[in-house]
Amino acid sequence: MLDDYQNSQPITYRILKNAIINDKYSHAYLFETNGFNDSFNFILAFVKSLLCPHKKLNKKDCPSCHQCEVIDSGNFPEIKIINPDGLWIKKEQLRELQSEFKEKALIGNKRIYIINHAEKLNKSAANSILKFLEEPEGNIVAILITDNTYSVLETIVSRCQVLRLKESSNKKSQNEIETIKNIICLNHEDRETIIASEDIDLKIQKIFDFVNYYEIHHLDTLLYMNKVWNEYIKTKEEMIDAFDIMIMYYKDVINYKVGNKMEIFTDDKNITKIAEKNKLKDLCRKLKVIMDKKQNIRYNANTNLLMDKLIIDLEGGI
């Protein structure tokens, strides 16, 4: 059940828990597994809680109910799982799904379909499912699973709530997240409101993701700025916090590079990779670029242009 993952997937767990309890779940989710080795069981645990008539997140209070066992057996009629047929997910598979889901649910009032390896939806298959995503019925929930969001068609991604699971071998500890929250809250009068925000942990993780993505893709990051930044960082206040987090991140990369004790991130393989692929002078230059750009945030009317300039300057200019 979902409660079993509150330690291994704290951010996504909290988002899904609130969605279930408050009955404010999305009509379509895209889960990026990010190498989490128990990703499908985690998603299935979410499905169990979503379909539970009592919104249970664990089995402690429902010993006489066997719905979860039926789901585990693969025989629950309101769940349809689609896997690639060969190299691709074929249009015929999705047409069959839509035809089947026109029928009324036999159990409960929700129907859920899960598409494994959503990156294998080719354009033909994607077009056949788009209307299903664009005009969802209130009782149908779509769950798409991929190892890499950026390999999924943009038309699909834009219609889903994207949730990124934490990598099994490289989890940010909750202590690190709490430390970062406490630091960025020093600049806010409404500190308690910031800490209590439901998506603050997610935003922090997305900043790490942005830096790691940039360090791999460099100028190509400009092509995906909406996905890796604009969807999560919207206000100037959030921009300032995000730049502070990037500054912390690169400072610890430099600490690792020169053999100093890291201030926040004690065991992070991405920091190791970034330190190994950059010369010390380049890391110092990137840190200065970020610090300089942070000073311009409040006076820059167009934050999108500011972010484009950040990427260009991180690359040393063009």
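The values are calculated or read from the model by the stated rules, or taken from the named source; none is laboratory data. Predicted model, so just to flag it, every value in this text is computed and none were measured. Cβ sites come from the backbone with ideal geometry, for glycine too, and all protein chains shown count toward neighbours. Note: areas computed on protein heavy atoms with side chains; ligands, DNA, RNA excluded. Shrake-Rupley method; radii C 1.70, N 1.55, O 1.52, S 1.80 Å.
Quick notes
- At the residue level, S151 shows approximately 60 square angstrom of accessible surface with a 1.4 angstrom probe and all protein chains present.
- Förster-model FRET efficiency, 51 Å R0, T272 and E103, C-beta, rounded to 0.05: 0.45
- For the residues I240, I89, a 1.4 Å probe over the protein chains yields an accessible-area ranking, largest first, of I240, I89.
- Neighbour-limited loop hits for GluC sites (Glu not before Pro), the stretch 58-129 (at most 10 other Cβ within 10 Å; DSSP other than H, G, I, E, B): E103
- Since only F210, N278, H66 are under comparison, the one whose Cα sits farthest along the positive direction of the charge dipole of the chain, derived from C-beta charges on Lys, Arg, Asp and Glu, is N278.
- Sorted largest first by accessible area at a 1.4 angstrom probe radius, with every protein chain in place, the residues Y150, Y5, Y299 fall in the order Y299, Y150, Y5.
- Unpaired Cys in the chain, meaning no second Cys C-beta under 4.7 Å: C52, C68, C160, C185, C284.
- At least 20 Å along the helix axis (C-alpha) and Kyte average at least -0.5, DSSP helices within the chain: 200-217, 236-258
- Accessible area in square angstrom per residue, the stretch 10-91, 1.4 angstrom probe: 50
- Of the labelled figures (1) 17.1; (2) 13.9; (3) 18.4, only one reflects mean projected area of the Cα convex hull in nm² as derived from the coordinates, namely (3).
- The heavy atoms of R95 present about 140 square angstrom of accessible area, all protein chains included, probe 1.4 Å.
- Charge dipole (Cα centre; +1 on Lys/Arg Cβ, -1 on Asp/Glu Cβ; no other charges) of the chain amounts to roughly 300 debye.
- Counting only heavy atoms of the protein chains and using a 1.4 Å probe, V289 has close to 20 Å² of accessible surface.
- With every protein chain in place and a 1.4 angstrom probe, the accessible-area ranking of K166, K288, K90, largest first, reads K288, K90, K166.
- Temperature 25 °C, viscosity 0.890 mPa s: under these conditions the Stokes-Einstein estimate for the stretch 204-262, based on its Kirkwood radius over C-alpha pairs, is 200 µm² per second.
- Computed over the stretch 273-318, the convex hull of the alpha-carbon atoms projects to a mean area of 3.6 nm².
- Cα-based shape type of the stretch 192-318, given that a ≥ b ≥ c are square roots of the gyration tensor eigenvalues and the cut on a/c is 1.5: oblate
- Heavy-atom accessible surface of the chain: percent carbon and sulfur, 1.4 Å: 49
- Stretch gain in nm, segment M225-K131, where the contour uses 0.36 nm per residue and the Cα spacing is subtracted: 31.3 nm
- Debye-formula intensities of the stretch 1-152, expressed as log10 I(q)/I(0) at q = 0.11, 0.17 Å⁻¹, are -0.42, -1.04 (one equal scatterer per alpha-carbon, no solvent).
- Close amide H contacts of V141 (hydrogens built in the peptide plane, cut-off under 5 Å, sequence separation of 5 or more or a different chain): R111, I112, Y113.
- Separation of alpha-carbon centers, the stretch 21-58 and the stretch 250-318, rounded to whole Å: 35
- Simple rule: put +1 on each Lys or Arg Cβ and -1 on each Asp or Glu Cβ in the chain, find the dipole, and look at H54, N255, I82; the Cα lying farthest toward the positive end is N255.
- Think of the stretch 1-131 as a dipole: +1 on every Lys or Arg Cβ, -1 on every Asp or Glu Cβ, centred on the Cα centre; then among L44, Y5, A125, A125 lies furthest on the positive end.
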